[in-house]
Amino acid sequence: GEESPFIDELFSSLLCLASPSHAYNLDATNQMMSNKSKDNEHTNKFTSSQEQRRPETAGEFLKIAQREFDQVCQWPFFEKNASRAYPLFDDRELTAGEELGEGAFSRVFEIESFSLRGDMTQPEGSCSDKVVASVGSKGRSEEKAEANDDQSIEEHYDMRPSETRVFMKDKCTRDGDARYAIKRLKPNAHPGERIAAMLDLARECKILATIHHSNIIKMRGMATGDPLRPNFFFILDRLYDTLEERIDVWKEEEKNFKSCLPCFGQDQHAMDLMRYDRIRAAYDIASAYRHLHSHKLIYRDIKPANIGFDVRSDVKVFDFGLARDISDCEQTKDGLYKMTGNIGSYRYMAAEVFLCLPYNLSADVYSYGILLWQIMALDTPFKDMAQDDMHKTLMGRNLPLVPKTWPIMIVSLMQDCWSQEISNRPDFGAVAHLLKEFLSLEANRLGSDEGSIDDRTGHMQDRSYDSARN
């Protein structure tokens, strides 16, 4: 019937999601090589259904997708960690403003205002209920960074969801700037991509409802009803720039400083202070991934476009569409896991992921090593490399050049991170420890009055824990 072409596309999409060649490339570059995955985390979940009978209706197809999401909800991570309750909103209650960004299947807008239509309650047992179920570039005035204001704001998120809805409506802006952003699917997504996109969005929402860390973006609310539908959304704190944009700012500041103050004799000290700030951001980023890895969650798409800064310039990791619990995957004898290969962004991808071999949490560490080089160099890694040579980079034969003027501790760390020997890469606990040690030594050498990393991190964690408390 008329529905057949649509079902064909959806079925093809689901088989693509289940097939060994399924992969995402969310980098700005085009896909440069064919997918050659031989292992896959989804295959066993869908092959039996495929062999028994091909879905004939969109309803049947969505039931398969629902089973996939149900399995996500059974990850060990969700069994061990409780979610908090979040306020629910109807999309008619939100007025979206400026578009802040977009991914392969989703778009993010700031929220201009809320127009509440009464208390939103969640029917027990609904799909959105599973998301929160418990089992076991604008101005930044100094006033916006007031700690007391931050504390009072966070306390309001500990209220009942119905009260938080009212608070979010009344405090939708701060000094004229939007506090919140909404993430939803693109309305014109290709039908054949829709199911995979809905699954990604629902999974990301489930993770954000459960994970809490001072350097991970906070979710503040979500849509009522089933998350596996095209108009599902969730609400986040608004970020004001990405690490990608911040690197450009740092680069311009350094360029301007070098051109304006070469004769005062203190330019090297000021340059070192600038570098200190960048490495402090790198430490915060490592802290976020350390927290994820402590819960056996692998991120799989580390890159500057997925790291942002809030109004206080605190680092926030966002976009968890490719994250998953590795303990839910089949493990090999050598301690690696069979997961989807060729996934993420080529520029930051570990060789074992590119080759679709089993891998583990250290694939994120490799990506972080490339990111750390970018933070130090204020430049794009492999930017002049031809597409045909990218496979050499992924195999470790064309790693970024490291200037001799860089601190040996940082150089040694990034080279360990991008080691082709998986077992030689440090974990994020070791990465964060080394960066913390370096920052402490640099603070003493430079006479920095920023305070200790422990004091600063503790203050940020206090804000995060207060926000996460039920």
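Of K80/K206; K258/K383; K303/K338, which sit over 18 Å apart, Cα to Cα?
From K80/K206; K258/K383; K303/K338, over 18 Å: K258/K383; K303/K338.
If packing is taken as the average number of other Cβ atoms within 10 Å across a peptide's residues, how do 355-361, 286-292 rank, most packed first?
286-292, 355-361
G341's amide H: which non-local residues (gap 5+, or another chain) put their own amide H closer than 5 Å, with H modeled 1.01 Å from N in plane and none for Pro or chain starts?
Those qualifying (amide H under 5 Å, at least 5 residues apart or on another chain) are D39.
Order 306-312, 199-205 from most to least packed using the mean count of other Cβ atoms within 10 Å.
199-205, 306-312
Sorted by mean Cβ packing within 10 Å, highest first, what order do the peptides 316-325, 76-85 take?
316-325, 76-85
At a Förster radius of 60 Å, what calculated FRET efficiency corresponds to the Cβ-Cβ distance of D267 and R67, to the nearest 0.05?
0.45
Measure off 7 Å from each Cα along the Cα-to-Cβ vector at T224 and R174, then give the distance between these two points in nanometres to one decimal.
2.9 nm
Round to the nearest 0.05 the FRET efficiency obtained for V402 and R312 when R0 = 45 Å and r is the Cβ-Cβ distance.
Computed FRET efficiency for V402 and R312 comes out at 0.90.
May I ask you to derive the FRET efficiency for S440 and D334 from their Cβ-Cβ distance with R0 = 45 Å, giving the value to the nearest 0.05?
Efficiency computed from Cβ-Cβ geometry: 0.80.
If you average the sequence gap of Cα pairs under 8 Å that are 6 or more apart and divide by the length of the stretch 241-468, what percent do you get for the contact order?
Taking the mean separation of contacting Cα pairs over the length of the stretch 241-468, I get 21 percent.
Under the Karplus relation 6.51 cos²θ - 1.76 cosθ + 1.60, θ = phi - 60°, what is the ordered set of whole-Hz ³J(HN,Hα) values for the stretch 434-447, x standing for Gly and Pro?
With coefficients 6.51, -1.76 and 1.60, one gets 5, 5, 4, 5, 4, 5, 5, 5, 5, 4, 5, 5, 8, x Hz.
The numbers here are math on the coordinates, done by the rules we state, and not lab data. Everything quoted here is computed from the prediction, not taken from an experiment. FYI the Cβ positions are ideal-geometry reconstructions off the backbone, even for glycines, and counts take in every protein chain you see.
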